[in-house]
Structure formats: structure tokens, C-alpha cells
1. Counting DSSP beta bridges in the chain, what percent are antiparallel, to the nearest 5?
2. Could you work out what % of the accessible surface of segment 1-115 is carbon and sulfur, using a 1.4 angstrom probe and leaving DNA, RNA and ligands out of the count?
3. Show me 132-141, 31-40, 213-222 ranked by packing, highest mean number of other Cβ atoms within 10 Å first.
4. Can you tell me the order of 142-150, 174-182 when each peptide is scored by its average per-residue count of other Cβ atoms within 10 angstrom, highest first?
5. Among 11-21, 102-112, 88-98, how do they line up from the highest to the lowest mean number of other beta-carbon atoms within 10 Å?
6. Sum -39500 (n - 2.57) across every DSSP H segment of at least 4 residues in the chain, then divide by the residue count to get the 222 nm mean residue ellipticity, nearest 500.
7. Using the heavy atoms of the protein chains and a 1.4 angstrom probe, tell me the accessible area per residue for segment 121-163 in square angstrom.
8. What is the Cα coordinate range of the chain on the first, second and third principal axes, sorted by size from largest, in whole angstrom?
Amino acid sequence: MARLLPVFVHGWGFGPEFWQPVLMQLNWPDAVTLDLGFLKPQTTGAEKTVTLDDLRQSQHPILGIGHSLGFMWLMLQRRQGVWPAESRFAGINTFACFASREDFLEGVAPRIVQRMIRGLGREPAAVVNDFRQRCGASSVLAARCQPEALAYGLDILRTEDVRADLPLNPLNVLAGRQDEIASPSMTEASFRALAHIKWVENGGHLLPQTHPVECARFLETLRNRMEQQP
């Protein structure tokens, strides 16, 4: 297989700098990050940010790596035919459906996400930082919060289901047994037999931050195997 372009996509309430600990472990000078616009940019110099239009124009097969909502976002673009057919994907602390529904009882009650959406209209920073605190992340300044983009992200979590959009080729997911956002039952119900799930027994929702070495090892092994396939 041709060389894959690693594209990292962060989850809700974070920005591309989220991936810095993992990128520092990987010797991937070609790796790029996408910014979903939830927070005003914070330049760290460790990540090379591109836009979706950049990737559309290049038409280079990607290795799409999504954390949490970031993986769902990658699958929504796949539904629209954005990625070349040779592209491959991996998820970390993720799911293919988040809000519960008749055939997905393992999800979060939609009213909880709706309440967060309403809260963005009053105190966006309070909603974001409450979520980040639950994840174990530090708070962000109110000035960095982008309510419109944050509401769009929550609406994806509330309404979308990308289980039918998952690739048929083997999908690999790294997950934490102690994840309070993407629970083990939600992760397992999302992917069923379509994915190989590797568990970090003591890991929570922020594996790229708390276990960057394990994440890097997972991704390095995955990329090497994919690029060696015919």
C-alpha cells in the first residue's frame, strides 16, 4: 500500500494541541492535525495544522486518527466520500454512536447532551470546563471557547450514528477501561465485530494525554502493518 498521511482529529472541547504528547513520541514528520474550531487556536509549534479543503485537494490516502468525537467526524466525512478509497482509520477513546436510541441502549441520554447545548448559550466556558474536569483535563479561558462550533459538535453527538459508515477493512481502537465518557460498554456496542479493541486497563478518556507512549506504540504498529499490506 502507498504511504498513508497521518491525520489527527481531536474531540469535543479540545484543540489540535491535544495531540502534542503523542506527536512528540512519534517520528512522523508528515503527521498533520485538523482543527474542528471548538477553541480559538493555541500555537504550540508541535503540530502542523491543515484544513479539510487542503486534504480534499491533495486526494492522498490518509490514516485518520480520531479521539472521541474526532473519530465520528472522520466517519461523517467518509459518508460524504471525502477520503480516497485507500484511506484507513483508527480510534482512541471513541465510539460510533454516542446518544442512546432504540438499538443503542449503551449510549448517553440525549437530554444530557441537549442540556449542554442549552448551557452553551449562557455560559459556554462553564459547559466546556465542566466536561474537561470530568475528563481530567485543565480548564480553558472563556475567551477561547467558540459556542457555535461547540454546539455543532454536541449536535453530532446527540443526533448522529456512524455505525453504518465504518470501513469493512479491519478497524483498530485503543480504549480505556476507566473511561467515564466513552464507557467500555458504549465502545463495545459501537463496533461489535467490526473492530479490534485494545484496552488500557488503568486508562481514562484522555489516553493521548495520560498514556502517550502506549498511544504512539499502538499507532506505530498499526501504520507499519497497514503500509506493508499490498
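1. On the way: 3 of 28 bridges.
The answer is about 10 percent antiparallel.
2. On the way: 2280 of 4720 Å².
Carbon with sulfur: 48 percent of the solvent-accessible area.
3. Values: 132-141: 14.3, 31-40: 20.1, 213-222: 17.9.
Ranking, from highest mean packing down: 31-40, 213-222, 132-141.
4. 174-182, 142-150
5. Working: 11-21: 23.5, 102-112: 13.2, 88-98: 26.5.
Ranked from most to least packed, the peptides come out as 88-98, 11-21, 102-112.
6. Details: 9 runs with 89 residues, N = 230.
Rounded to the nearest 500, the figure is -11500 deg cm²/dmol.
7. On the way: 2350 Å² over 43 residues.
Accessible surface, normalised per residue, equals 55 Å².
8. 52, 41, 36
The values are calculated or read from the model by the stated rules, or taken from the named source; none is laboratory data. Worth saying up front: this structure is predicted, and the values here are computed from it rather than measured. We place every Cβ from the backbone using ideal geometry, glycine too, and count neighbours over all the protein chains shown. When the accessible area is computed, the model is the full protein with side chains, heavy atoms only, and any ligands, DNA or RNA have been set aside. Shrake-Rupley method; radii C 1.70, N 1.55, O 1.52, S 1.80 Å.
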